[in-house]
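Okay, so here's the structure we're looking at.
The values are calculated or read from the model by the stated rules, or taken from the named source; none is laboratory data. Just so we're clear, the structure is a prediction, and the values are computed from it rather than from any experiment. So basically every Cβ, Gly included, is an ideal-geometry build from the backbone, and we count neighbours across all protein chains shown.
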Amino acid sequence: MDNLITRHRELTVLAVVLIVQVLGLAVQVKSTNDPQHPLLLRYWAVSAITPFERVIVHSRDDVYDVWHNYLYLRGVRQENRDLKEQIKNLKLEGARLEEDANQGHRLQALFAFKEQSVLQPLAAQVIGSSGSEQSRSVFLDKGENDGIKKDMAVITADGVVGKVLTVYPRTAQVLLINDQSSGLGAMVERLRLQGVVRGSAAGETILDKIMPGEEVQAGDKVITTGGDGIFPKGLPVGYVVKVSQADIFLRVRIHPSANLNRLEEVLVVTKLHDEVPSGNEAAGAQRAADILAARLPGVPEKAPEKAPDKTPAKEPAKESATVHQAKAVSATKPVGSPASSAPQHAQQPPNAANKPETKPASAKPILPKPVTSSKPAVLKPVSSTGQVAQNVIAEPTTAKKIDAKPISTRLTNAKPTDVKPTDVKPTNVKPTNVKQISDGTQ
Amino acid sequence: MRLSTTSPEQVEVYRFSWLAATLIPALAIFFQAFFPVRIPLLAWFDVPLMVTVFLGVTRRNPVTGLFTGCVIGLIQDSLTHHPLGVYGIAKTVVGFVSSSLGVKLDVENAVSRFLVTYGFYLLHQFLYFSVQRGLVGEAMGWAWGHELLAGLANAGAAVALFAALDRFKLRN
């Protein structure tokens, strides 16, 4: 026996090493290793690699900041002008959303809906990945020390990214929704068909468990169901690009709303909140007309001049034009909504009269600065007719994002006759603090 | 094309300085973790595998090769969300076979390196999926087209990488 082992020393060593690893695998699989407390080897490897990644990413960002903030300022004035225009439009839109929110409160109080809101999103930077196509996960530059915990949802302004899988003191591993072992509860928004989003071997994102015979079409929007308890209901997941017949279920290929191939900055949802809004809150709400009236003096007189051919530029009609703009925003669907990703943006009619929005400034959304400890954001639920809408909105002072059902009919004081959806083009909002709000009927 | 069976006496055995032997795998793993998230196309390449094959066929010592593959694989496993040992087992076998093959084959020219890496890539992927499905029990899909194309890409990249790494070889 000894002779045999000595003669085949190399094969023996190979067998021993393989057996040790197989046993190690068996132990790990059996013990369902708690990702909150990773194995020491995993901990060492991550701790050895991520600091270098962090240094490189942050150094690159510093150089980039110096270049873009102090040296390369071409077009900044024009952009500034455009942004000011955008702010004006957003103020109007904000007033309208205020009314929607109040109406939502009233409805939610009426039906005792629980709303699930995203509080305290924490901005984090992607510093590395697993480097394996079989394990689609990324590492963030924030970890347990920053308040990140396992199973927290990770999103961008565009949509869902994944969930926190393993937490280390200064970094966290996020499992992307296009990983094969991922399973995100999602539904086709138009048909309310529920399925599971996961990745395929070829790197595609699939909406699985949809029965054949369902009329899922390319372009259909896919949103989260909220049933997994990780993601709030109504977050945009992606849109359908191809439907084909698989074994038992339909094979619905979707294009993720968030660009999973080029993740740089993400938001970790550190706190979800269920609450039933009180009726008193709704009772004290201002009406949209009041808000608009209060804001009208601040509305620049340029507004009619900007589109003289489309809106009545006469002084007495100023209020009417303003209301029209607000209505148009609501009629033209999500304004800078994360859900209004590629296909929906493509559907927006070009509008030369509203130059500010033509600036592709939002191609890469600017994400908020970390809000680790700052005040929890104020909840602003938004409703729609009959159904409570799922919305992602931003800080009231900056921008609001809405992804609701058509809400033009809800503008109580607006006349539905003069709506010109092209008068005001939906803006591509750069949110600084995104909050998810949905009905989350539970 | 020199892809012939040679006697152990005919093939040259190389070694590496401890610094190169440590830094080359470390840099390969860092590259694999850092760049694909920025340049998604790079996720097709398995640089640690290329390094495992290179060190194996160059040093031509099966025991060293299997341990090199084992360590590289386990570190790679640490960065994924899979149990430790999936890459470990696959790369251990690749390290062992490449070292054993290095004794029998002369893999000094570009064509033989291309073919050898292509074969090892497919072997590695096969082992990975076998372990993942058979031992871990995860339902992983296998995309033939993707794997064959990725194998070609890796083999092509390996030719260039091996040429660069040749500079660190020390004659034994």
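Before moving on, here are some points about what is shown:
- Scan of the stretch A:155-207 for residues that are hydroxyl-bearing (Ser, Thr, Tyr) and assigned to a strand (DSSP E or B), ordered by number: A:Thr166, A:Thr205
- Candidate set: the stretch B:74-83, residues that are assigned to a loop (DSSP other than H, G, I, E, B) and either in contact with a Ser or Thr (Cβ under 8 Å, 6 or more places away or on another chain) or surrounded by fewer than 24 Cβ atoms within 10 Å (Cβ to Cβ) (or both); chosen: the one nearest to the other protein chains (Cβ to nearest Cβ): B:Thr80
- Of all residues in the stretch B:149-160, exactly one satisfies the criterion of being within 12 Å of chain A (Cβ to nearest Cβ) and either polar (S, T, N, Q) or farther than 19 Å from A:Arg136 by Cβ (or both), namely B:Asn154.
- Consider the stretch A:200-222 and keep the residues that are more than 14 Å from A:Val241 (Cβ to Cβ) and acidic (Asp, Glu). The one that is farthest from the other protein chains (Cβ to nearest Cβ) is A:Glu215.
- Total residues in the stretch A:242-257, condition assigned to a strand (DSSP E or B) and crowded, with 16+ Cβ neighbours inside 10 Å: 8
- Each residue in the stretch B:113-125 was checked for being more than 14 Å from every other protein chain (Cβ to nearest Cβ) and out of contact with any strand residue (DSSP E or B) (no Cβ under 9 Å at 6 or more places or on another chain), and 9 pass.
- Count - residues of the stretch B:116-147 that are charged (D, E, K, R) and either over 20 Å from A:Ser200 (Cβ atoms) or in contact with a helix residue (DSSP H, G or I) (Cβ under 7 Å, 6 or more places away or on another chain) (or both): 2
- Qualifying residue in the stretch B:90-100 (condition: within 16 Å of the chain's Cα centre (by Cα) and facing chain A (nearest Cβ under 7 Å)): yes
- Within the stretch A:124-138, residues that are more than 7 Å from chain B (Cβ to nearest Cβ) sit with their Cβ atoms under 7 Å from residues that are acidic (Asp, Glu) and assigned to a strand (DSSP E or B), at 6+ positions apart or across chains, in these pairs: A:Gln125/A:Glu265.
- Residue within the stretch A:48-55 that is free of Cβ contacts under 8 Å to residues at least 12 places away in the same chain and touching a helix residue (DSSP H, G or I) at 6+ places or on another chain (Cβ under 7 Å) present: yes
- Residue match in the stretch B:14-27 (condition: within 10 Å of another protein chain (Cβ to nearest Cβ) and surrounded by 23 or more Cβ atoms within 10 Å (Cβ to Cβ)): no
- Residue check, B:Pro48 assigned to a loop (DSSP other than H, G, I, E, B), closer than 30 Å to A:Glu204 by Cα and modelled with pLDDT of 85 or more: no
- Within the stretch B:126-139, the set of residues being facing chain A (nearest Cβ under 9 Å) and at negative phi comprises B:Tyr128, B:Phe129, B:Val131, B:Gln132, B:Leu135, B:Val136, B:Glu138, B:Ala139.
So that you can scan it fast, the table gives a plain yes or no per residue for (1) at pLDDT 85 or above; (2) under 14 Å from A:Gly159 (Cβ atoms):
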site: A:Gly199; (1), (2): yes, no
site: A:Ile206; (1), (2): yes, no
site: A:Pro212; (1), (2): no, no
site: A:Glu215; (1), (2): no, no
site: A:Gly219; (1), (2): yes, no
site: A:Gly226; (1), (2): no, no
site: A:Phe231; (1), (2): yes, yes
site: A:Leu267; (1), (2): yes, yes
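- Condition check for B:Val71: more than 9 Å from chain A (Cβ to nearest Cβ), in contact (Cβ under 8 Å) with a residue 24 or more places away in the chain and crowded, with 23+ Cβ neighbours inside 10 Å: no
- From the list A:Arg106, A:Arg74, A:Arg54, the lone residue that is modelled with pLDDT under 90, more than 14 Å from chain B (Cβ to nearest Cβ) and within 30 Å of B:Phe35 (Cβ to Cβ) is A:Arg74.
- All conditions but one from (1) within 23 Å of B:Trp144 (Cβ to Cβ); (2) surrounded by 24 or more Cβ atoms within 10 Å (Cβ to Cβ) apply to B:Phe114; the one that does not is (2).
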